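For reference, the structure is listed below as structure tokens.
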Amino acid sequence: MTDFIIEPTATPTDPARRAELVANPVFGRVFTDHMVIIRYSEGKGWHDARVTAYQPLSIDPASTVLHYGQEIFEGMKAYRTADGRVSAFRPDANARRFAESARRMGMAELPEELFVQAVDALVRIDHDWVPSGDGKALYLRPFMISNEVFLGVKPASEYLFIVIACPVGSYFSGGAVSVWVSEHYTRAAPGGTGEAKCGGNYAGSLVAQAEAKEQGCDQVLFLDARERRYIEEMGGMNVMFVRDDGVLVTPPLGGTILRGITRDSLLRVAADNGITVEETLLDIDEVFEGAASGRYREAFACGTAAALSPIGCFRRTGGEAVFGDGATMGPVSAKMRQLLMNLQSGRSNDSYGWVHPIV
């Protein structure tokens, strides 16, 4: 176990102000008092692990992350349980995916145990920032950047691993989301970085997200890069459907879709609760036709930030596909959301060993 140097902030947020911020959290806008930072250098490895005051970074203009984009991140949450304790949900899975992303991006791999220790250290010192109530949590953002001072295309020899946190409520404002099907842009291609959680994947999706907004939609859906035919994932989350036979359907992983931890959790929980699960290629035309015929009755987005959010409709140049009544969450989606939330909040028995107590 690594010993962290603890440097509490000299200017903690006033408790009354903190309580106000935690009571009505805005997603990704307000951050806790501290952060974790660990350094890596070639030949020395990971060192100088600290919990310190949340503060701006000072990096050289020639830092490699600014020029070649070696950057990865994770998204995860800590929840306050009914008895007031605080737990994280499947941090080992985030640690494993973080290491896989680092490997794909040619970056130093942070030991999975150190990743979890870093998250725990930040949550312990800032546990008063963890909100309570359905849909609320402390969102944790572990990330790593290359910071070797060098202008040359090669894997960097120095890195910073950092964890920051912010209290959050729902990612979407409420109700079913509308989704624009991108016909001009793709998110990932075979052999690319689709499975890595790196900033470049999200940067490349922003123009499509802007197009979705112009079309009056909340989110964007990407199709496969080869045929522009099969559903892959949304701008920042996975997608699932419920057919009229009650089967839960989602696109299969194959190197271009992020291995969502919420996705994996839902598939496992569904199968253990009598819901048949099918991972199969989903033709966008067939989904539009199936929505019209009632074959596809429900659709929802899933991810750490979005949790499980109902999709009301898909839109594209040729028309619209409406799921259910287009406004509310369907019964299977609602059941899945409740099962997941019960696990995350400690309201149900954790037979999977997914809940990780911290405080």
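Laboratory data are not the source of any read-out in this text; all were calculated from the coordinates shown. Fair warning: this is a prediction, and the values are worked out from it, not measured in the lab. Here the Cβ is made from the backbone with ideal geometry for all residues, glycine too, and neighbour counts use every protein chain on show.
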How long is the gain from Asp283 to Lys213 if the chain were fully straight, where each residue apart is worth 0.36 nm and the alpha carbon distance is subtracted? 22.8 nm
Between Glu42, Glu74, Glu298, which gets the highest mean-square fluctuation from a Gaussian network model of the chain, Cα cutoff 10 Å? Glu42
Can you work out the Karplus-derived ³J(HN,Hα) for every residue in region 158-172? Use 6.51 cos²θ - 1.76 cosθ + 1.60 with θ = phi - 60°, whole Hz, and x for glycine or proline. 9, 9, 10, 10, 9, 10, 10, 8, 8, x, 9, x, 5, 5, 9
Excluding same-chain residues fewer than 8 positions from Lys335, which lysines have a Cα within less than 20 Å of its Cα? Lys136
Using only helices, what value at 222 nm comes out for the chain when you add -39,500 (n - 2.57) per DSSP H run of length 4 or more and divide by the total residues, to the nearest 500 deg cm²/dmol? -7500 deg cm²/dmol
Met76's amide H: which non-local residues (gap 5+, or another chain) put their own amide H closer than 5 Å, with H modeled 1.01 Å from N in plane and none for Pro or chain starts? Leu140
The set of residues whose placed amide H lies less than 5 Å from the amide H of Leu282, leaving out same-chain residues fewer than 5 positions away, is Ile231
Taking the Cβ of Val177 as the center, what net charge do the other residues with Cβ under 15 Å away carry, scoring Lys and Arg +1 and Asp and Glu -1? -2
In terms of the alpha carbon gyration tensor, root eigenvalues a ≥ b ≥ c, rounded if a/c is under 1.5 and otherwise prolate when a/b exceeds b/c or oblate, region 216-294 is oblate
5 Å is the cut-off here: which amide hydrogens, built 1.01 Å from N in the peptide plane, fall below it relative to Ala137, excluding neighbours closer than 5 in sequence? Val168
Counting Lys and Arg as +1 and Asp and Glu as -1, what is the net charge of the other residues whose Cβ lies under 13 Å from the Cβ of Ala307? +3
In order over region 99-112: 3J(HN,Hα) from phi, Karplus 6.51/-1.76/1.60, θ = phi - 60°, whole Hz, x for each Gly or Pro, gives 5, 5, 5, 4, 4, 5, 8, x, 9, 5, 8, 7, x, 4
Using θ = phi - 60° and the Karplus relation 6.51 cos²θ - 1.76 cosθ + 1.60, list the HN-Hα couplings for region 138-150 in order, rounded to whole Hz, with x at every Gly or Pro. 9, 7, 10, 10, x, 8, 9, 10, 7, 9, 5, 8, 6
